[in-house]
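A short write-up of the structure that comes next.
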Amino acid sequence: MYNRRTIVGASTLLAVALAAGCREAVGPTAKPHGPGAPLLDVTAAGGIALDQHGGKLGETTTIWQDFRPTNPHNGDAIVVTFYWVGSTNIITKVYDHLSDAAWTPVGNTYTLVEYVTDGGVSMATYVATNVQNFPEGTFLNGDQNLVVHADLASPIQDGGLTMAAFTGVSGAVTAQALGAHRSASGAGSSYPTIADPGAIAIDAGALAYGVTMSNNGQSAETPTGFTTIGVLTSSYMWVEADYAVQAGAGSVDPQWNWYFNSPGNWLASAVALRPAATQLGFTVQPSTTPPLMTIQPSVKVAALDALGNPATSFNGSVTIAISKNGGLLLPGTLSGTKTVTAVNGVATFADLSIDQLGNGYTLQVTASGLTGAESKSFNVGAL
């Protein structure tokens, strides 16, 4: 039996789901894989990677956890899933602060992405991108650690959270960094009971983060290709968090095989985070173009992540310039709109022209915070 809700906001995934069971986090470690799950790379050098993580159960009046002993890096994305006994969303506020006596505010924004409930348990997943304003490093005395905190409208029997910080995620505002997301819930009484939020499109280099929760499950098998971040259990719930980095564009359908020996419920959600743009690359550039005529087709430049995959969350400004290498003629002048705003990671220069004949021209593009790029050499003359 399934209950399913889907929101498709983009083509990158962060998968999330919850289960019932352990109080100490374990991981990251690999676990047995259930059938039907997608093949994903756990991580890729230079792309998205797990930075820090934490979690606990046993909370009854408020839910919080610090990254201890080591803080994430400024610029990371933090994904945090809160879970509790109850059938309504009682979270009134999610915020961060330091672990000092003053609870010094940090001020990052945590956006609710998914909430799902069934069988008397609930979970809600929040995301903060490009987190800032806290000290980096290891703090063994626990007075400068970053704390993620949720205030509740009423006490609970049991609750907690899992949280994970990732490097290499888009530094855009959360609304641009998020991709598709969906939730599902269901029931089972035997093995295997499959917890499946449903398939979601995902970009190359994107993060798939998974959590599965049950009120009566005895353990869950990790989806194929995922690595376990941590497992938490109590007498009320079992929670497992997993992650993977997508090797190529396509779809992902994380599924957990639950062990039930009596009737119980499971929850699952899926959300998307895109990789960060780090560099520019020409996708359409001139070969030979007539002088004083608009360059056709239009010059196009894409924002790329560290692995060379399209970074569709980049919507910043890109500026283009021209140079001429060698030859007897003076460099020509580039006319047209030379600074444009990228749309879904692509900057299109639609009205460029050059007024001077010659060979060995190149175009250079730059954007704030990204490595620039140079076009191949081309000529200005008769086609």
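The values are calculated or read from the model by the stated rules, or taken from the named source; none is laboratory data. Everything quoted here is computed from the prediction, not taken from an experiment. In this analysis, Cβ positions are derived from the backbone assuming ideal geometry, glycine residues included, and neighbour counts consider all displayed protein chains. Each accessible area value is taken on the protein alone, full model and side chains, heavy atoms only, with ligands, DNA and RNA left out. Shrake-Rupley method; radii C 1.70, N 1.55, O 1.52, S 1.80 Å.
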**Request:** Pull up all non-local amide H partners of residue 113: gap of 5 or more, or a different chain, and H-to-H distance under 5 Å with H placed in the peptide plane.
**Result:** 125, 126, 127
**Prompt:** Which value, in Å² rounded to 10, gives the accessible area of residue 314 with a 1.4 Å probe and all protein chains present?
**Reply:** 30 Å²
**Asked** Using the Cβ atoms and a cut-off under 15 Å, what net charge is assigned to the surroundings of residue 288, where Lys and Arg are +1 and Asp and Glu are -1?
**Response** +2
**the chain: calculated mean residue ellipticity at 222 nm from DSSP helix runs of at least 4, using -39500 (n - 2.57)** = 0 deg cm²/dmol
**Farthest positive-ward along the chain dipole, Cα basis, beta-carbon charges - from 48, 95, 137** = 48
**Item:** Heavy-atom surface of the stretch 61-105, accessible at 1.4 Å and reported per residue (Å²)
**Value:** 40 Å²
**Prompt:** Taking one equal scatterer on every alpha-carbon of the chain, how large is log10 of I(q)/I(0) by Debye at q = 0.13 1/Å?
**Reply:** -0.94
**Request:** Just read off the accessible area of residue 287 with the full protein assembly in place, 1.4 Å probe, to the nearest 10 Å².
**Result:** 80 Å²
**Prompt:** Sorted by accessible area with a 1.4 angstrom probe, largest first, how do 149, 73 fall?
**Reply:** 73, 149
**Asked** Each label point is 7 Å from the Cα along the Cα-to-Cβ direction; what then is the distance between the points at residue 262 and residue 61, in nm?
**Response** 3.2 nm
**Item:** Shape box of the stretch 168-319 [Cα atoms, principal axes, largest first, Å]
**Value:** 77, 22, 22
**Request:** Set the Förster distance to 35 Å, then compute FRET efficiency between residue 364 and residue 173 from the Cβ-Cβ distance, nearest 0.05.
**Result:** 0.80
**Asked** From the residues 237, 200, 336, which one has its Cα farthest along the dipole of the chain in the positive direction, the dipole being from +1 and -1 charges on Cβ of Lys/Arg and Asp/Glu about the Cα centre?
**Response** 336
**Request:** Sort 376, 93 by accessible area with a 1.4 Å probe, largest first.
**Result:** 376, 93
**Request:** Among the lysines, select those whose C-alpha is under 22 Å from the C-alpha of residue 93, and discard any that sit fewer than 8 residues away in the same chain.
**Result:** 56
**Request:** May I ask you to give the percent of accessible area on the stretch 199-303 that is carbon plus sulfur, with a probe radius of 1.4 Å?
**Result:** 51 percent
**Item:** Semi-axes of the equivalent ellipsoid for the stretch 328-378, Cα gyration tensor, largest first, Å
**Value:** 23, 13, 9
**Complete:** Other residues with Cβ under 13 Å from the Cβ of residue 73 give, with Lys and Arg +1 and Asp and Glu -1, a net charge of -3
**Request:** Assign unit charges at the C-beta atoms only (+1 for Lys and Arg, -1 for Asp and Glu), then state the dipole size of the chain relative to its Cα centre in Debye, rounded to the nearest 20.
**Result:** 760 debye
**Asked** In whole Hz, what ³J(HN,Hα) sequence does the stretch 118-131 give by Karplus (6.51, -1.76, 1.60; θ = phi - 60°), x for Gly and Pro?
**Response** 5, x, x, 10, 9, 8, 9, 10, 10, 10, 10, 10, 6, 5
**Asked** With the other protein chains left in place, how much accessible area per residue, in square angstrom, belongs to the stretch 163-206 at a 1.4 angstrom probe?
**Response** 25 Å²
**Message:** Need one value: the accessible area of residue 274 in square angstrom, 1.4 angstrom probe, rounded to the nearest 10.
**Reply:** 30 Å²
